[in-house]
Amino acid sequence: MGYRVAVVGATGNVGREMLNILEELNFPVTEMHAVASRKSKGIEVSFGDRTVKCESIDSFDFSTVDLVLMSAGGDASREWSEKIGKAGPMVIDNSSAFRMDPDVPLIVPEVNPDAIKLATKKNIIANPNCSTAQLVVALKPLHDAAKIKRAVVSTYQSVSGAGKAGMDELWTQTKAIYGLGDARPKHFPKQIAFNLIPMIGAFRDDGYTEEEAKMWAETHKILDPDIQLTVTCVRVPVFVGHSESVNLEFDRPISPDEAREILREAPGVLVVDKAEADGYVTPIDAAGEFAVFVSRIRKDPTVENGLNLWVVSDNLRKGAALNAVQIAQLLDETGMIKPAGGYRTLTV
Ligand SMILES: NC(=O)c1ccc[n+]([C@@H]2O[C@H](COP(=O)([O-])OP(=O)(O)OC[C@H]3O[C@@H](n4cnc5c(N)ncnc54)[C@H](OP(=O)(O)O)[C@@H]3O)[C@@H](O)[C@H]2O)c1
């Protein structure tokens, strides 16, 4: 028993990780289809020990599959996800296109699995932004123990969060600078090699960026609209792994030891926190891992009931592909993936 699955965006950073993780977690697959843009038709991608030839999104018949993992960017999602959902399969959408749609659940399985019930409205479930996913996994267990009133978050986001083009730019720019070549920025607004950029996404009228606004809006939808959250998002010259400096104010005192104990028991979290030279996690340590790592847990004496944390995770895994596959597992466990062309009826 298994499902007919299509990964759309299969040649991309996230799509390739989706294929890897579906295999790593033994998700029940009877048929795997890799889908990308027309230009990638025929390109081979790996799925376990097999290779799958990419099909073009324009000619793929989505009514022949049961589940679609969509990771081809916002424009492709806006064009395709609703049509695919109407054709039958359940769509797990990785872009920002549907995250704030009231008829689409936005899910991090460790945090709000019950929201899955809403999925049949459009047959779409949204996967959050990479920085939001790791943040809410770390905040949820603390928020359950002592309400978080306010959070101040600064991110240190790797270039893989900006897709293949982002990784290529860091690589070619670094080589160009060593070799006296052309290091002018093409994908990022400024030079990323040996630098960092405090702008991710376009600026809004309020002076924040789109990425910053996504983080507070998504955290409110997934975890709690009453948490006051302010964010600064920064792109850093790291290939994989997003880091976050997180300052929290609670409604009751909570000691670093109590926080460590709560987080040690929390699903999806690994605490690595010793005041030693290697007693904390860096992006390189987190790359390729499933967990959200929490380090540097300490009291903030400048506010009432304050704590500081350092939160690191692989943005292509928990921040994207792993979370999507966990949602697929949740759909499987709750019997919500129905055979395409079978007996599913839409509630819209
Ligand atoms: N990277 C992260 O950390 C992260 C985290 C959370 C969410 N996301 C979201 O995941 C999505 C993909 O990100 P990524 O990092 O994997 O990007 P990427 O490396 O640039 O890959 C993009 C993929 O989408 C395909 N694609 C682009 N336009 C398409 C179209 N019109 N029709 C069909 N396929 C199309 C590309 O196919 P071709 O190769 O044929 O062009 C490629 O497979 C984005 O929505 C992004 O916001 C990314």
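Since every read-out is calculated from the coordinates, none of them should be taken as a lab result. Because the structure is predicted, anything quoted here is derived from the model rather than measured. Here Cβ is always computed from backbone atoms with ideal geometry, including for glycine, and neighbour counts include all displayed protein chains.
Relative to the present Cα-Cα distance, how much length would full extension add between Lys39 and Asp205 at 0.36 nm per residue of separation?
My answer for the length gained is 56.1 nm.
Given the Cα-Cα distance of Glu79 and Asp114 and 0.36 nm per residue of separation, how much length would full extension add, in nm? If you can, show how the numbers build up before the last one.
Working: separation 35, 0.36 × 35 = 12.60 nm, distance 2.77 nm.
Extending this stretch completely gives an extra 9.8 nm.
What share of the DSSP beta bridges in the chain is antiparallel, in percent to the nearest 5? Working shown, then result.
Values: 29 of 61 bridges.
For the chain, the DSSP antiparallel bridge percentage is about 50.
Residues of region 104-130 with amide nitrogen under 19 Å from the 7 Å Cα-to-Cβ point of Lys164?
The answer is none, because no backbone nitrogen lies closer than 19 Å to the label point.
To the nearest 10 degrees, how steeply does helix 256-265 sit against the main Cα axis of the chain, on a 0 to 90 scale?
20
With a cut-off of 8 Å between alpha carbons and a minimum separation of six or more residues, what is the relative contact order of region 163-227 in percent? Don't skip to the end; give the middle numbers.
On the way: 50 pairs, mean separation 12.0, N = 65.
With pairs under 8 Å counted, the relative contact order is 18 percent.
Modelling each spin label as a point 7 Å along the Cα-to-Cβ direction, I'd like the Phe194/Tyr178 distance in nm, to one decimal.
Result for the modelled spin labels: 1.2 nm.
Treating the angle as unsigned and between 0 and 90°, give the value, to the nearest 10°, between the Cα long axis of helix 322-333 and the longest Cα principal axis of the chain.
So the inclination is approximately 60 degrees.
Tell me the relative contact order for the chain as a rounded percent, counting alpha carbon contacts under 8 Å between residues six or more apart.
Numbers: 794 pairs, mean separation 65.8, N = 348.
Contact order relative to length: 19 percent.
For each of Trp80, Trp216, count neighbouring Cβ atoms within 10 Å of the residue's Cβ, then give the residues from fewest to most.
Values: Trp80 23, Trp216 19.
Placing the least packed residue first, the sequence is Trp216, Trp80.
What nm value, rounded to one decimal, do you get for the distance between Ile284 and Trp171 when each label is placed 7 Å out toward the C-beta?
Spacing of the two 7 Å Cα→Cβ label points: 1.8 nm.
Would you mind checking the pairs Lys117/Lys140; Lys149/Lys221; Lys83/Lys214; Lys86/Lys121; Lys83/Lys117 and listing those with alpha carbons more than 18 angstrom apart? Could you put the intermediate results ahead of the total?
Details: Lys117/Lys140 20 Å; Lys149/Lys221 16 Å; Lys83/Lys214 25 Å; Lys86/Lys121 10 Å; Lys83/Lys117 20 Å.
Where the Cα-Cα span goes over 18 Å, the pairs concerned are Lys117/Lys140; Lys83/Lys214; Lys83/Lys117.
Let me know the shape class of the chain, please: from the alpha-carbon gyration tensor, a ≥ b ≥ c as square roots of the eigenvalues, rounded when a/c is under 1.5, otherwise prolate if a/b is greater than b/c, or oblate.
Oblate, because a/c is 1.5 or more while a/b does not exceed b/c.
Multiply the residue separation of Arg150 and Ser59 by 0.36 nm, subtract the distance between their alpha-carbon atoms, and state the gained length in nm to one decimal. All intermediate terms of the calculation are to be shown ahead of the outcome.
On the way: separation 91, 0.36 × 91 = 32.76 nm, distance 4.83 nm.
Difference between extended and current length: 27.9 nm.
7 Å from Cα along Cα→Cβ at both Leu25 and Arg264: what's the point-to-point distance in nm?
Here the answer is 2.7 nm between the modelled labels.
Going by alpha carbons, how many degrees (0 to 90, nearest 10) lie between the helix axis of 163-178 and the longest principal axis of the chain?
Rounded to the nearest ten degrees, it is 60.
Quickly rank 176-189, 17-30 as a protection proxy: mean count of other C-beta atoms within 10 Å, highest first.
Numbers: 176-189: 12.5, 17-30: 18.6.
Sorting 176-189, 17-30 by mean packing, highest first, produces 17-30, 176-189.
Which of Thr209, Thr219 comes first, and how do the rest follow, when ranked by fewest Cβ neighbours within 10 Å?
Placing the least packed residue first, the sequence is Thr209, Thr219.
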